[in-house]
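The values are calculated or read from the model by the stated rules, or taken from the named source; none is laboratory data. Since the structure is predicted, the reported quantities are computational estimates derived from the model, not experimental observations. Backbone-built Cβ (ideal geometry, glycine too); neighbour counts: all protein chains shown.
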Amino acid sequence: MRFFQIYIFMKKLLLIFILVFFAGHVLKAQVSEQERSALLDFHESTQGNNWVKKWNLEEPVAKWYGVKVVNNQVTEINLFRNNLVGTLPESIGSLKYLKSLNLAFNNISGQIPPSIVELSNLVVLKIEMNRIKGALPSDIGKLTRLEELTAFNNFISGRIPNSIGENTKLKVLNLSSNSIIGRIPETLGNLVGLESLGLFENTLFGEIPEELGNLVELKELVLANNQLGGAIPKEFGQMASLEILQIQNNNFNSFENLEEMESRSFLVFDYDKDKIKIDLKNVDFSRTRMADTKFEDDID
């Protein structure tokens with residue numbers, strides 16, 4: 001009888017052990033093994049042991065600093081100004097449910113991995129103030145849910161991909177202070193919901209495409225410090241929401257069409273005043289100010 005009681009007790013004890021083990025395993029996982037593996041790759045490739053706020057890899061993923069988990073899926077990574085040093089791994093494309101990725105103000109180098117376009121749920125991508133080089137992915141248009149892309153103050157080169165016109169939900173696009181070359185693609189005119197476009201301080205040349213006149217929601221247009229030429233398109237007159245316009249330090253040969261713009265609401269308006277005189281009767285220059293186009297991000 002006593003043996004039977006010991007047997008039952010040991011059986012219960014084993015069952016409790018198994019339940020605790022698996023419960024602990026499930027709690028620790030919280031996300032798929034594929035997502036956890038991608039996060040570990042990211043941690044290693046950006047020298048996670050030297051971050052300001054570190055991840056305790058023994059804790060559940062949901063407790064890792066800057067990582068948000070919803071329904072056992074990684075939906076957000078915010079490691080703004082956290083001393084990330086190194087490159088982004090190709091496996092970052094495995095974070096299929098990611099909606100927001102903020103890696104701004106770090107020391108990330110290397111190229112943007114092509115797999116980033118597999119993040120089909122991405123809404124916000126902030127990689128400004130790093131040391132990223134190479135071209136933007138040619139098929140960046142696959143990120144059809146993207147609303148904000150800020151990548152200013154890097155070493156990004158190459159051309160602005162034509163596929164950018166497929167990111168039709170974009171509201172903010174800032175590629176300022178890079179080494180981007182070539183013409184502004186006409187496809188930018190497809191981004192009819194765009195509110196802010198920053199291409200300041202690159203090596204863009206050629207005429208501004210008339211299709212930019214389609215951006216009727218645009219409040220901020222910064223094209224200064226490039227090699228753009230030709231005439232300002234008459235279609236600029238369609239951008240009735242514009243509050244900030246900076247086109248100085250380019251090679252334009254005609255500003256005539258600026259006179260047709262509705263300029264009462266301008267807060268900032270900068271052009272090469274010493275090169276040409278235009279009549280802007282509706283601008284109250286006492287209200288204008290110089291925009292700081294070098295650091296256009298808000299610290300959040």
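Taking LEU88 as the residue in question, decide whether it is under 20 Å from LEU175 (Cα atoms), in contact with a Lys or Arg (Cβ under 9 Å, 6 or more places away or on another chain) and not polar (S, T, N, Q). When the stated conditions are applied, LEU88 does not pass them. The C-beta contact set for the stretch 128-152 (first residue under 22 Å from LEU194 (Cα atoms), second residue modelled with pLDDT under 95, distance under 7 angstrom, 6+ apart or interchain) comprises GLU128/ASP297; THR150/ASP297; PHE152/GLU296. Look at (1) within 17 Å of GLN111 (Cβ to Cβ); (2) surrounded by fewer than 18 Cβ atoms within 10 Å (Cβ to Cβ) and you find that ALA151 fails only one, number (2). For SER91, indicate whether it is polar (S, T, N, Q) and part of a loop (DSSP other than H, G, I, E, B). No; evaluated as a whole, the condition is false for this residue.
Every residue, every condition in (1) of a type outside the set (D, E, K, R); (2) within 18 Å of TYR271 (Cα to Cα); (3) in a strand (DSSP E or B), yes or no:
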{"site": "GLY165", "(1), (2), (3)": "yes, no, no"}
{"site": "ASN178", "(1), (2), (3)": "yes, no, no"}
{"site": "ALA224", "(1), (2), (3)": "yes, yes, no"}
{"site": "LEU228", "(1), (2), (3)": "yes, yes, yes"}
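Being in contact with a Pro (Cβ under 6 Å, 6 or more places away or on another chain), crowded, with 17+ Cβ neighbours inside 10 Å and aliphatic (A, V, I, L, M): is that true of ILE160 here? Yes: the conditions hold for ILE160. Looking at SER115, SER120, just one residue is surrounded by fewer than 18 Cβ atoms within 10 Å (Cβ to Cβ), touching a helix residue (DSSP H, G or I) at 6+ places or on another chain (Cβ under 9 Å) and part of a loop (DSSP other than H, G, I, E, B), and that residue is SER120. Within the stretch 44-84, the set of residues being part of a strand (DSSP E or B) and either surrounded by 13 or more Cβ atoms within 10 Å (Cβ to Cβ) or in contact with a helix residue (DSSP H, G or I) (Cβ under 7 Å, 6 or more places away or on another chain) (or both) comprises VAL67, LYS68, VAL69, GLN73, VAL74, THR75, GLU76, ILE77, ASN78. Residues that are of a type in the set (A, V, I, L, M, F, W, C) and within 16 Å of ASN121 (Cα to Cα) within the stretch 68-94 comprise VAL69, VAL70, VAL74, ILE77, ILE92, listed in sequence order. Checked against the criterion of being on the phi > 0 side of the Ramachandran plot and either of a type in the set (Asp, Glu) or over 15 Å from the mean Cα position of the chain (by Cα) (or both), the stretch 163-170 has no qualifying residue.
Tallying residues that are within 22 Å of the chain's Cα centre (by Cα), in a strand (DSSP E or B) and either surrounded by fewer than 23 Cβ atoms within 10 Å (Cβ to Cβ) or hydrophobic (A, V, I, L, M, F, W, C) (or both) within the stretch 197-212 yields 3. When you scan the stretch 213-221, do you find a residue that is in a helix (DSSP H, G or I) and not polar (S, T, N, Q), even just one? Yes: one or more hits.
Residue-level check: of (1) part of a loop (DSSP other than H, G, I, E, B); (2) touching a residue at least 40 places away in the same chain (Cβ under 8 Å); (3) of a type outside the set (Lys, Arg), ASP41 misses just (1). Figure legend. Inter-residue proximity from the stretch 154-182: first residues touching a residue at least 60 places away in the same chain (Cβ under 8 Å), second residues not in a loop (DSSP other than H, G, I, E, B), beta-carbon distance below 7 Å, spacing 6+ or different chains. Indicated pairs: ASN174/THR150; ASN174/SER196; ASN174/GLY198; SER176/GLY198; SER176/VAL222.
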